[in-house]
Structures are given as structure tokens and as C-alpha cells.
Amino acid sequence: MNLKEKVYDWKNRLKDRHMLSVIVVLGAIVIGLGLFTYKRERDFRQASENSYNMAFFELVDYVQNVETYLAKAQISTTPEHGAETLTNLWREANLAGSYLAQLPIGSEELANTSKFLNQVSDYSYSLSRKNIYNEPLTQEDLNNLKNLHDYSVDLNNTLVQLAQDMYDGRISWGELTKKGSVAFAQQVSNISQDSFGGIEENFHEYAGLIYDGAFSEHMTNPERKGLTGEDINEEQAMKIAKDFYGEDKIEEITSNGLSENGNIPSFDFYVKLKNEEKQGNANISISRKGGHVVLSNFNRNVEAETISQEQADEIGKNFLTKKGFPNMKETYYLKQEGIVTINYAYTQDDITIYSDLIKLKIALDNGEILGIETTGYLNSHEERKLPSPKISKEQAKKALNKNLQIESEGLAVIPTEYKTELLCWEFKGKVDDTEFLVYIDATNGREEDILVIKDTPNGTLTM
């Protein structure tokens with residue numbers, strides 16, 4: 001090979017190596033772009049999934065509220081309380097509709113669901129205006145509310161089942177987006193479009209809603225009337241904590257210091273118990289003022305339930321009496337995984353004082369008290385000078401919806417959102433298959449509040 005041929009051969013090799021390098025670099029760039037695009041798409045899908053999840057579960061909550069307010073609206077008998085209930089219903093239906101619109105589903109059935117929520121919103125607004133102008137609801141109005149409530153029950157059941165399917169991983173938003181008319185729409189279509197038939201025409205003229213129990217949202221009181229006694233120090237608080245559990249049952253107790261951020265400043269302790277069979281350890285908070293047990297909590301597995309709800313109620317009342325909380329009455333409860341949480345309210349002269357609440361957590365295998373919370377009681381408890389009712393029980397009954405079948409009755413003190421208390425006649429009753437608690441002011445006969453009672457497999461709740 002002469003010199004000229006060698007030069008050409010060398011140049012060709014350089015070209016081949018250059019092309020190979022270019023190919024390698026381009027390949028790396030393509031792979032990098034692919035990975036970057038895949039990651040961006042994955043992050044986008046995850047963000048979308050999170051957004052859809054939030055919208056869907058908000059929708060479930062608001063539809064449940066719509067059902068509750070529709071139930072209450074059917075038995076409200078005074079324009080004042082009716083207007084409040086219907087205004088709340090209007091707001092909840094609007095919010096439910098807005099979250100429904102955020103879901104990535106397009107189907108005829110969802111359009112009907114959106115239409116239903118809009119109708120509930122418009123109709124409840126028109127009825128609230130009647131109440132505001134002191135016009136009573138007609139029987140036709142009440143019948144329409146009943147029809148709307150029947151539909152809302154079906155819609156709520158469907159959404160709750162879908163929520164469970166999503167939680168269990170049986171269905172995903174990817175599937176719903178691709179097969180909306182097959183998956184989601186089939187579920188929703190179980191609620192027949194005919195459900196609208198009987199009431200749609202009625203809307204034309206009107207075009208233009210760890211468990212604490214009833215009244216728990218009003219438990220805080222800046223005066224903390226039940227928080228009696230002098231201030232104590234950390235050493236004294238530790239002794240109270242030891243006495244609460246029994247010093248012979250404690251292996252070790254550690255102070256977490258004074259917590260002043262909560263409603264009741266308290267000394268917090270971590271307690272290691274001796275029993276090796278127990279799983280986990282306990283926490284307890286002792287109020288700085290008076291040395292009261294504010295909160296105690298302990299968790300363990302409960303393998304078998306051998307104690308009935310009635311026995312648990314009695315165990316709780318006896319425990320509270322021994323701890324210095326006499327005259328407590330069980331009200332509502334929630335049962336989960338072999339543990340029942342019971343709300344107890346104080347009674348004075350056979351009158352239930354719903355402001356003075358204590359929560360107990362009881363194991364249903366041996367009746368052990370696993371937890372206590374006394375916040376409501378410590379905020380509100382005092383011996384009250386209760387007025388005599390100016391309205392008799394029979395007079396109060398006249399203010400009730402005529403369809404309410406009364407099951408029990410008595411006097412009760414209920415807190416208000418304005419941090420005041422009212423003496424009321426409490427009537428527990430049923431309309432169709434829905435149970436209610438209705439409160440009639442014992443001084444003026446006005447309807448003050450309505451609660452819907454939900455009997456679930458896990459307990460009795462109020463809404």
C-alpha cells in the first residue's frame with residue numbers, strides 16, 4: 001500500500017470512529033430524553049391521580065352531607081330551623097357538584113348525577129327563601145324532599161362502594177378514565193334515571209347539603225369550668241399518672257414535659273407497662289391546673305370479643321364513678337377491631353347534660369379501659385342552676401313533625417355554637433326508616449336542632 005492509499009485508509013477509519021461516537025452520543029440523548037419524558041409522564045399521572053382522589057373523596061363527603069340535610073329538612077317544623085337546614089343543604093349540594101365536575105369521567109349517567117345535585121341546590125334555595133319569609137312548607141314540598149332523599153341514599157351508597165373499591169385497589173382512575181362508560185358509569189347507572197321522573201317537572205317553577213358524637217364540636221369553653229384546683233408541678237403530675245394506672249403495673253414512666261399548646265395545659269408522660277403480653281405502651285396527660293387526667297391512651301390487639309355492648313357500658317360507668325366522675329350516662333358509641341369507644345354525658349336531676357362529655361375506649365375481650373378523654377367535661381362541668389321548663393312535654397310535642405314516631409323523650413341541656421347552653425325537650429323518633437333526635441327549646445317551644453341517628457355495624461353515630 002503506497003503512501004496515498006494509507007492516508008485515505010486512515011481518513012476513512014477516522015470517519016467510522018466519528019460516526020460511531022455520534023451514534024453513541026445520539027443514542028444516549030434519546031435514552032435520556034425517553035427516561036426524562038417517562039418520569040415527567042409518571043409524575044403527571046401521579047399528580048392527576050392525587051387530584052382525582054381528593055376530588056372524589058370530597059364528593060363522597062359532600063353527598064353524605066346532602067343526604068343528612070335532606071333527611072333533616074323533611075321533619076323540620078319551624079321556619080327558622082328549616083331555613084338554616086335548607087341553606088346548609090344548598091351549600092353542600094353546590095360543593096358536591098363542583099367536585100363532581102373535577103372528575104375525568106364523561107357519561108350520560110354522571111350528567112344526570114350533576115343534574116340531580118343542581119336540582120337539590122336550586123330547590124333547597126327556593127324552599128329556604130319560603131322559610132325566611134315565614135311561609136311553611138307544603139305537603140308537596142315535603143314529598144319532593146322525600147323523593148330527593150331517596151335518590152341521595154342510592155347515590156351515596158354507590159359512591160361509598162366505589163370509594164371502597166378504590167381504597168382496596170380493585171379499580172383505578174386510569175381504568176375509569178379509559179373505560180368511564182363501562183366501570184364508573186355502570187355503577188352510577190344502577191341508580192335509574194327514572195328516579196328523576198317524579199320530581200323533574202316540579203323544579204321548573206323553582207329554577208331561577210375517630211368519631212366524637214353529638215355536640216362534641218361545641219365542647220371547648222374558655223372558662224374551663226370543670227378544671228378546678230391549684231396548679232401542680234411535674235413531680236406531682238407524675239404521681240397522679242402512676243396512681244391512675246397503678247404503680248405496681250408500671251415498669252417505667254418518662255416525662256415529655258409541659259405542653260401548653262393545647263386547650264388545657266398539661267404534663268405529658270410516656271408509660272411502659274410491665275405486662276409483656278401487651279403490645280405498645282401508654283401515653284397520659286395530666287392538667288397543670290388541678291392535676292386532672294385529660295387524656296390517656298393505650299393500644300393493643302383484641303383477638304376475640306367476649307363482652308357485649310351493654311356490659312361495656314356498665315364497665316365504663318363503674319370506672320368513671322371510681323375515678324370521680326359520677327352520674328354519667330352512655331350516649332353514642334363506635335366499635336372497631338374489638339375496641340368500643342363510648343361517649344358518656346353527665347346527668348343532673350335526670351337531665352342529660354351534653355356539654356359535659358367523657359370518652360372511654362374499652363377492650364371487648366376483658367373490659368380493660370384502654371383510653372379516656374375528659375376535655376369536654378373539664379371545659380364545661382359544673383352543677384348548674386337549671387330553669388324549670390316553661391313549655392310542657394305535651395306542648396313541645398305539638399312542634400314535632402306529625403310523621404315522627406316517638407320512641408323516647410326527656411329533658412336535655414345542649415350546647416350551642418355561640419358557647420351557650422339551652423334546656424330542651426329531647427325526642428328520639430323515626431320517620432320511615434330514618435331515626436332522628438329532635439330538640440325543642442323548653443322555654444319557648446322553638447325547634448332548636450335535629451340530628452340524624454346512623455345505626456351502623458360498628459356503632460351508633462349522629463349527624
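Output the residues belonging to region 330-344 that are in a strand (DSSP E or B) and under 20 Å from the mean Cα position of the chain (by Cα).
Across region 330-344, the qualifying residues are 331, 332, 333, 334, 335, 336, 339, 340, 341, 342, 343, 344.
Suppose we filter 428, 361, 454, 385 for residues that are in a strand (DSSP E or B) and farther than 28 Å from residue 67 by Cα; which single one remains? Show your work before the answer.
On the way: 428 fails: farther than 28 Å from residue 67 by Cα; 454 fails: farther than 28 Å from residue 67 by Cα; 385 fails: in a strand (DSSP E or B).
Every option except 361 fails the conditions.
Which of the residues that make up region 48-64 are open to solvent by 50 Å² or more (accessible area, probe 1.4 Å) and over 15 Å from residue 157 (Cβ atoms)?
Answer for region 48-64, where residues must be open to solvent by 50 Å² or more (accessible area, probe 1.4 Å) and over 15 Å from residue 157 (Cβ atoms): 49, 50, 51, 52, 54, 57, 58.
Within the set of pairs 6+ apart or on separate chains, which have a first residue in region 381-402 that is within 18 Å of residue 356 (Cβ to Cβ), a second that is outside any loop (DSSP other than H, G, I, E, B) and polar (S, T, N, Q), and C-beta atoms under 9 Å apart?
Final answer for the pair search is 381/355; 383/348; 384/348; 386/348.
Are any of the residues in region 301-308 within 19 Å of residue 380 (Cα to Cα), in contact with a Leu (Cβ under 9 Å, 6 or more places away or on another chain) and open to solvent by 50 Å² or more (accessible area, probe 1.4 Å)?
Taking every residue of region 301-308 in turn, none turns out to be within 19 Å of residue 380 (Cα to Cα), in contact with a Leu (Cβ under 9 Å, 6 or more places away or on another chain) and open to solvent by 50 Å² or more (accessible area, probe 1.4 Å).
Please verify whether region 341-360 includes one or more residues that are acidic (Asp, Glu), farther than 24 Å from residue 450 by Cβ, out of contact with any Asp or Glu (no Cβ under 6 Å at 6 or more places or on another chain) and modelled with pLDDT under 95.
Within region 341-360, one or more residues are acidic (Asp, Glu), farther than 24 Å from residue 450 by Cβ, out of contact with any Asp or Glu (no Cβ under 6 Å at 6 or more places or on another chain) and modelled with pLDDT under 95.
The values are calculated or read from the model by the stated rules, or taken from the named source; none is laboratory data. These numbers were taken from a predicted model, which means no experiment stands behind them. Ideal geometry is used to build each Cβ from the backbone, glycine not excepted, and the neighbour counts take in all protein chains shown. Remember, those area values only see protein heavy atoms, side chains included, never the ligands or the DNA or RNA. Shrake-Rupley method; radii C 1.70, N 1.55, O 1.52, S 1.80 Å.
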